[in-house]
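The values are calculated or read from the model by the stated rules, or taken from the named source; none is laboratory data. Bear in mind the structure is a predicted one, so any value in this text is a computation, not a measurement. Virtual Cβ from ideal backbone geometry, glycine too; neighbours counted across all protein chains shown. The accessibility values were calculated without ligands, DNA or RNA, using every heavy atom of the protein model including side chains. Shrake-Rupley method; radii C 1.70, N 1.55, O 1.52, S 1.80 Å.
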Amino acid sequence: MKHLLGLEGMSATALTRLLDVAETYKGVGVGDQPKRDDLKGKVVVNLFYEPSTRTRMSFGLAARRLGADVLDFSPSGSSTAKGESFIDTAKNIEAMGIDIVVVRHSSPGAPHMLAKYLHPHVRVINAGDGAHEHPTQALLDIFTIRQRLQRIDGLTVGLIGDIMHSRVARSNIHGLTTLGAKVIVCGPTTLVPSEVERWGVEVAHRLDDVLPRCDVLNLLRVQFERQRSGLFPSIREYRLLFGVDSDRMRKTKPNVLILAPGPINRGVEISPEVADGPRSAILDQVTNGLAVRMAVLSELSTST
Ligand code: NCD
């Protein structure tokens, strides 16, 4: 694997291998556990054109725990404000001698463009491109499911909420279906794109019918920043129809696993009791993100 641009088209063998490699990075550099030097002498650039808390810090820490030098770019305070283009910025950073670019951008395909225009030795990781893909988020979601439920094959996973604008949903759909899970997407009709059925998922619009069938519920944030107006009625109505709270938890399987990519909007897609409750693996996801990202960084840096 040269770049990690998305999970679409990745084989079950390749996905399982990444998850297995990630197991071996659990806890690296934490407390007394030593760091590793897989990326010693390498430079990793975080090129983030959109806001991020978890993904950016997780890639930065993962790279440092493997011995890399990390450069952090954000457009504000950079020459983007003076009109420099995305590719010119990337080429100038490349000229400093870099090995891996982790890129987040509002345009779908931005990471693919870097993979095409940067020097062939540079590896590119997609950390979210518009509403297209967010492969490491889906990998850490799947890793967390496997850790808690010991398998992926045969599980039913509900992706709930704003499917239309969610790169997390797309990457999860590709990864989960390839690994043999059944995926049900459920959200308001205006926020579920018609093409999703082509990806082998079931589409539903009534959450209460879906709840008893799911082993995992991944609660997606309503991405107001990506929406045209008119797609979303009101927060109150959304919460009534699609918010998961203690009442709705009574309709789920008793051992249902609750995931959310974060940031969560407490009281919209998830209530505080559910987010902080015993079925929630939301903070495990964040912890697991480090192992998954170390695995991806290390695999790419050794690939030819
Ligand atoms: C997601 C993203 O940016 O796509 N967050 C993340 O990376 N953890 C989802 C979101 O913003 O809701």
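Computed values, structure above
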{"item": "Selection status of ARG65, over 19 Å from the mean Cα position of the chain (by Cα) and either among the small types (Gly, Ala, Ser) or closer than 27 Å to ASP141 by Cα (or both)", "result": "yes"}
{"item": "Hey, ALA115 open to solvent by less than 40 Å² (accessible area, probe 1.4 Å), within 16 Å of the ligand (Cβ to nearest atom), of a type in the set (Gly, Ala, Ser) and modelled with pLDDT of 95 or more or not", "result": "no"}
{"item": "Residue satisfying condition, being crowded, with 24+ Cβ neighbours inside 10 Å and modelled with pLDDT of 95 or more, within set VAL122, VAL101", "result": "VAL101"}
{"item": "Whichever residue in segment 225-265 is exposed (fewer than 11 other Cβ atoms within 10 Å of the Cβ) and under 18 Å from SER166 (Cβ atoms) and, among such residues, is nearest to the ligand (Cβ to nearest atom)", "result": "GLU225"}
{"item": "Selected residue [charged (D, E, K, R) and within 17 Å of the chain's Cα centre (by Cα)] from ASP153, ASP99, ASP162", "result": "ASP162"}
{"item": "Segment 48-66 - residue that is open to solvent by less than 10 Å² (accessible area, probe 1.4 Å) and away from the ligand (no atom under 15 Å from the Cβ) and, of those, nearest to ALA127 (Cα to Cα)", "result": "ALA63"}
{"item": "Close pairs from segment 177-192: first in a strand (DSSP E or B), partner among the polar types (S, T, N, Q), Cβ under 7 Å, at least 6 apart", "result": "LYS182/THR156; VAL183/THR177; ILE184/THR156"}
{"item": "Inter-residue pairs, beta-carbon under 7 Å, first away from the ligand (no atom under 11 Å from the Cβ) and in segment 161-176, second assigned to a helix (DSSP H, G or I) and aromatic (Phe, Trp, Tyr), 6+ apart", "result": "ILE173/TRP199"}
{"item": "Any chance GLU84 is at pLDDT below 95 and more than 16 Å from the ligand (Cβ to nearest atom)", "result": "yes"}
{"item": "Residue within segment 196-215 that is open to solvent by 10 Å² or more (accessible area, probe 1.4 Å) and within 16 Å of the ligand (Cβ to nearest atom) present", "result": "no"}
{"item": "Condition met for ASP247 (among the charged types (D, E, K, R) and within 23 Å of the chain's Cα centre (by Cα))", "result": "no"}
